[in-house]
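The values are calculated or read from the model by the stated rules, or taken from the named source; none is laboratory data. Computed from a predicted structure; not experimentally measured. Positions of Cβ are generated from backbone atoms using ideal geometry, with glycine treated the same way; all protein chains shown enter the neighbour counts.
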Amino acid sequence: MRVVLVVLFNIHLNASAQSWQQLADYPGGARDDGAQFTINDIHYCGTGRASDFSCTGDFYAFHPATTSWMSIAPLPQWQERQYTSAFSYDGNGFVVGGENCLGNYFNTFLKYSPLTNSWTSMPDLPAPGRAGCQHLVIGSDFYLIGGRNNSGILNEVWCFHFNTNTWEQLNDLPFSGCWRGLAAAHNNLGYLFGGRTNDSNQTGWNTNTWQYDPQTDTWAATSAFQVGQMMYQSMAQHDSLLFVFGGVDQNDQTQVALVQINLNSFQIDTLTPFAASPRRGCMSFVSSGYFYLSTGITGNERIDETWRLPYLANAQLLEQINFSIALINTEGNILIRIQDQLIGERIHIRDFQGRILEKITLEQTQQIISLSDYSSGIYFIEMNGKAKPIQLLY
């Protein structure tokens with residue numbers, strides 16, 4: 001027998017509150033130095049070092065419409081890692097590099113497909129493995145920058161060309177390498193900032209922001225914006241807005257600061273400081289006017305908390321969802337109720353990966369639809385950008 005759960009949730013409206021809100025804990029347990037990528041506004045988080053100091057390979061998908069987590073396929077066995085570089089491109093997620101928590105470094109490159117919920121191998125980096133790299137995507141090219149392995153902190157720059165499925169080594173960084181800094185891309189330029197360098201036995205600081213021009217394969221120090229001497233920070237980006245959170249400063253002090261950098265104007269705004277203990281090594285992402293962070297380490301304790309902060313003034317001013325869902329029977333039939341003026345609107349049925357499975361036009365104020373052909377899992381009934389989740393269980 002099939003059971004359909006209609007998951008109800010409340011939206012709390014507060015026009016003035018721009019405060020941190022704690023959400024459901026990360027389901028994989030406490031960890032730091034995990035990695036994250038986003039596909040179709042679904043945020044995939046995984047890997048990192050667990051509280052027992054082992055490396056992890058599990059991954060979970062976060063759906064911001066319901067602030068809920070769902071387990072997805074883990075990395076293949078023996079590919080568990082921390083300090084990996086993760087990103088998305090052309091509807092798929094990728095991880096490359098990292099360390100296995102035993103002093104061994106990966107050069108493996110893996111692709112996640114949300115269509116098949118599976119990982120496959122990409123061409124390995126044709127160089128010794130490395131971890132804690134900076135990375136960015138410009139056009140159809142992925143850049144893996146610096147990092148560290150047994151030879152120290154690296155200044156190498158490698159580029160993976162998706163159009164040819166090949167790696168190419170580019171010009172080195174114009175300084176002594178970078179580890180656990182940050183990199184972002186905007187308007188076909190790259191920016192690198194923060195992190196340790198290979199100076200003074202790997203304890204030097206990268207004090208500059210560097211701009212990368214892929215047309216000339218050159219790096220130049222820029223005064224466009226500065227974030228200071230920092231490492232282990234978390235970063236998220238939405239279009240021209242870059243968000244940088246937490247981390248450790250040159251005095252080994254863990255931070256609670258969150259700054260917003262406009263990559264068009266290079267204006268830096270300080271947002272509401274984090275409401276709980278300082279932390280570093282978090283996973284971060286942004287969605288619908290909210291900045292999210294999850295996991296990390298505070299003091300010597302790894303944590304599994306998830307938090308969010310609205311960075312847009314109207315992020316919490318969401319309209320009430322103007323349709324309702326009611327269970328009809330255990331065969332997967334549900335009743336959708338709408339207002340008269342919404343007749344003719346179309347609903348989308350999406351899976352947890354955000355893919356549209358079916359489009360249905362509503363022809364009456366009360367309409368029954370069947371989900372009996374769908375397998376067990378979480379789905380979303382969406383109309384006008386508003387969604388309600390349901391879960392099918394056998």
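Tabulated data
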quantity: Complete set of residues in the range 83-121 that are of a type in the set (A, V, I, L, M) and under 23 Å from Gln237 (Cβ atoms); calculated: Ala86, Val95, Val96, Leu110
quantity: Residues of the range 139-177 classified as outside any loop (DSSP other than H, G, I, E, B) and more than 16 Å from Val96 (Cβ to Cβ), total; calculated: 2
quantity: Some residue of the range 282-297 being surrounded by 13 or more Cβ atoms within 10 Å (Cβ to Cβ), at positive phi and of a type outside the set (Gly, Ala, Ser); calculated: yes
quantity: Sole residue being free of Cβ contacts under 8 Å to residues at least 24 places away in the same chain and part of a strand (DSSP E or B), chosen from Asp269, Asp252; calculated: Asp269
quantity: The one condition in (1) out of contact with any strand residue (DSSP E or B) (no Cβ under 6 Å at 6 or more places or on another chain); (2) surrounded by 23 or more Cβ atoms within 10 Å (Cβ to Cβ) that Arg81 fails to fulfil; calculated: (1)
quantity: Matching residues, the range 332-357, being touching a Phe, Trp or Tyr at 6+ places or on another chain (Cβ under 9 Å), closer than 30 Å to Gly91 by Cβ, outside any loop (DSSP other than H, G, I, E, B) and charged (D, E, K, R); calculated: Arg350, Asp351
quantity: Single condition Pro278 does not satisfy, out of (1) farther than 21 Å from His186 by Cβ; (2) within 17 Å of the chain's Cα centre (by Cα); calculated: (2)
quantity: Matching residues, the range 199-249, being assigned to a strand (DSSP E or B) and of a type in the set (Gly, Ala, Ser); calculated: Gly204, Ala220, Ala221, Ser234, Ala236
quantity: Pairs, first without any contact (Cβ under 8 Å) to a residue 60 or more places away in the chain in the range 329-349, second assigned to a strand (DSSP E or B) and of a type in the set (D, E, K, R), C-beta under 7 Å, six or more apart; calculated: Arg346/Lys359; Ile347/Glu382; His348/Lys359; His348/Glu382; Ile349/Glu358
quantity: Candidate set: the range 255-266, residues that are in contact (Cβ under 8 Å) with a residue 40 or more places away in the chain and within 20 Å of the chain's Cα centre (by Cα); chosen: the one surrounded by the most Cβ atoms within 10 Å (Cβ to Cβ); calculated: Leu258
quantity: Residue among Leu242, Leu263, Leu258, Leu312 that alone is modelled with pLDDT under 95 and either not assigned by TED's automatic domain parsing to the domain that holds Ile39 or not basic (Lys, Arg) (or both); calculated: Leu312
quantity: Selection from the range 350-394 of residues that are hydrophobic (A, V, I, L, M, F, W, C), modelled with pLDDT of 80 or more, buried (at least 16 other Cβ atoms within 10 Å of the Cβ) and touching a Lys or Arg at 6+ places or on another chain (Cβ under 8 Å); calculated: Leu362, Phe380, Ile381, Met383
quantity: Boolean, Asn117 is modelled with pLDDT under 95 and under 18 Å from the mean Cα position of the chain (by Cα); calculated: yes
quantity: Only one of Gly195, Gly181, Gly146 that is surrounded by 15 or more Cβ atoms within 10 Å (Cβ to Cβ) and either at negative phi or aliphatic (A, V, I, L, M) (or both); calculated: Gly181
quantity: Some residue of the range 225-233 being surrounded by 21 or more Cβ atoms within 10 Å (Cβ to Cβ), polar (S, T, N, Q) and either in contact with a Gly (Cβ under 6 Å, 6 or more places away or on another chain) or closer than 26 Å to Val286 by Cα (or both); calculated: yes
quantity: Close pairs (7 angstrom Cβ cut-off, 6 or more residues apart or separate chains): within 17 Å of Ile72 (Cβ to Cβ) in the range 369-394, acidic (Asp, Glu) and part of a strand (DSSP E or B) anywhere; calculated: Gly377/Asp351; Tyr379/Asp351
quantity: Flag for Pro174 being more than 21 Å from the chain's Cα centre (by Cα) and within 15 Å of Leu136 (Cα to Cα); calculated: no
quantity: Positions within the range 122-134 being assigned to a loop (DSSP other than H, G, I, E, B) and either over 25 Å from Ser234 (Cα atoms) or under 20 Å from the mean Cα position of the chain (by Cα) (or both), in sequence order; calculated: Pro123, Asp124, Pro126, Ala127, Pro128, Gly132, Cys133
quantity: Residue selected from the range 100-114 under the condition farther than 21 Å from Thr166 by Cβ and touching a Gly at 6+ places or on another chain (Cβ under 8 Å), by the criterion modelled with the lowest pLDDT; calculated: Pro114
quantity: Thr56 vs. criteria within 19 Å of the chain's Cα centre (by Cα) and in a loop (DSSP other than H, G, I, E, B); calculated: no
